[in-house]
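S.K.: Here you go, one structure.
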Amino acid sequence: MTKMSSKGQVVIPTDMRGDIREGDKIVIIKNNHQIIMKKATNLDKNLAEDLVFAKRTEEALKRYEKGEFKQMESKDFLKELAKW
């Protein structure tokens, strides 16, 4: 068992660190009521791509919530898309 500090830091108990060393990058994934930690060097390519996609999606959602998107009919969207 461990706890979070006032600075948001969490100590990983020694017997759970395995091959994690000081300075290693750790990916933290929040999934509902779970927090998953994984050493970044152990990521496979698909997970790394999924994380990039998830970050871009989250950023797009924030822009949408700020009203930075415009709405249009699907046929108009397809016309715009064809210009790309």
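We did not get these values from a lab; they are worked out from the coordinates using the rules stated. On a predicted model such as this, the values are computed, not experimentally measured, just so you know. Cβ coordinates were reconstructed from backbone atoms using ideal geometry, including for glycine residues, and neighbour counts include every protein chain displayed.
S.K.: Just from its helices, what would the mean residue ellipticity at 222 nm be for the chain, if runs of 4 or more DSSP H residues each count -39500 (n - 2.57) and the sum is divided by every residue, rounded to the nearest 500 deg cm²/dmol?
M.R.: Helix contribution divided over all residues of the chain: -12000 deg cm²/dmol.
S.K.: Hey, which lysines would be in cross-link range of K39, C-alpha to C-alpha under 24 Å, not counting anything within fewer than 8 residues on its own chain?
M.R.: K3, K7, K25, K30, K55
S.K.: Can you work out ³J(HN,Hα) from phi for every residue in the range 77-82, in order, using Karplus 6.51 cos²θ - 1.76 cosθ + 1.60 and θ = phi - 60°, giving whole Hz and x for Gly and Pro?
M.R.: Values, residue by residue: 4, 5, 5, 4, 4, 5 Hz.
S.K.: So, one more: Principal axes first, then extents: for the Cα atoms of the range 1-42, list largest minus smallest coordinate on each axis, whole Å, largest first.
M.R.: Answer, in whole Å and largest first: 24, 21, 19 Å.
S.K.: Let me ask something additional. Hey, what do the phi angles of the range 30-35 turn into as Karplus ³J(HN,Hα) couplings, whole Hz, using 6.51/-1.76/1.60 and θ = phi - 60°, x for Gly and Pro?
M.R.: With the stated coefficients, the range 30-35 comes to 9, 10, 6, 9, 10, 10 Hz.
S.K.: Over all alpha-carbon pairs of the chain, lay out the pair-distance distribution in 10 Å bins, whole %, shortest bin first.
M.R.: Answer for the chain: a P(r) of 12, 29, 27, 16, 10, 5 percent.
S.K.: Quick one, can you get me the convex hull of the C-alpha atoms of the range 44-84 expressed as volume per residue in Å³?
M.R.: On the way: hull volume 3.8 nm³, N = 41.
Per residue, the Cα convex hull of the range 44-84 comes to 92 Å³.
S.K.: Obtain the nm distance between the two label points defined at A82 and A60 by a simple spin-label model: each point lies 7 Å from its Cα along the Cα-to-C-beta direction.
M.R.: In this crude spin-label approximation the distance works out to 2.2 nm.
S.K.: Same structure, new question: Counting other beta carbons within 10 Å of each residue's own, what order do M37, M4 fall into, fewest first?
M.R.: Ascending number of Cβ neighbours within 10 Å: M4, M37.
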